[in-house]
Amino acid sequence: MQPTQLSKNYCGLMFGVLMAAIHLLWSLLVLADLAKPLLDWILSLHFMSFTYSMLEFNYLSALLLLVVTFVVGYVVGFVVAAILNKVKA
């Protein structure tokens, strides 16, 4: 019995959408001025503290962030599915 092959396109799309959704949430946190308090809290959980500033929200940058993370996520998902298909074959 031949093992089922993963769809490289489907895996790429799903991982790309997941990555873009995570970064959409991040962009919304920046827009709502909630990103810095969240990062401060996460850093404190790791016993870390340092000085940094958040840039002002920019819609074009947020859109570019979503596009880039989707494309990178798609490529990673596609490559991982291709590798798994080779390993399982």
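Summary table
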item: Odd one out for ASN85 among (1) in a helix (DSSP H, G or I); (2) loosely packed, with under 15 Cβ neighbours inside 10 Å; (3) touching a residue at least 12 places away in the same chain (Cβ under 8 Å); result: (2)
item: Restricting the range 1-43 to residues that are assigned to a helix (DSSP H, G or I) and of a type in the set (Ser, Thr, Tyr), the residue that is surrounded by the most Cβ atoms within 10 Å (Cβ to Cβ); result: SER27
item: Condition met for HIS46 (modelled with pLDDT of 95 or more, closer than 12 Å to THR69 by Cα and not hydrophobic (A, V, I, L, M, F, W, C)); result: no
item: All positions within the range 30-89 that are polar (S, T, N, Q), within 20 Å of the chain's Cα centre (by Cα) and farther than 30 Å from ASN9 by Cβ; result: ASN58
item: Looking only at the range 56-76, and only at residues there that are without any contact (Cβ under 8 Å) to a residue 12 or more places away in the chain and outside any helix (DSSP H, G or I), the one that is surrounded by the most Cβ atoms within 10 Å (Cβ to Cβ); result: ASN58
item: Residue in the range 44-55 that is nearest to ASN85 (Cα to Cα), counting only those that are part of a loop (DSSP other than H, G, I, E, B) and not aromatic (Phe, Trp, Tyr); result: HIS46
item: Single unsatisfied condition, LYS36 versus (1) among the basic types (Lys, Arg); (2) without any contact (Cβ under 8 Å) to a residue 60 or more places away in the chain; (3) in contact with a Pro (Cβ under 7 Å, 6 or more places away or on another chain); result: (3)
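The values are calculated or read from the model by the stated rules, or taken from the named source; none is laboratory data. This is a predicted model, so every value here is computed, not measured. Don't worry about glycine lacking a Cβ; one is built from the backbone with ideal geometry, like all the others, and counts go over all protein chains shown.
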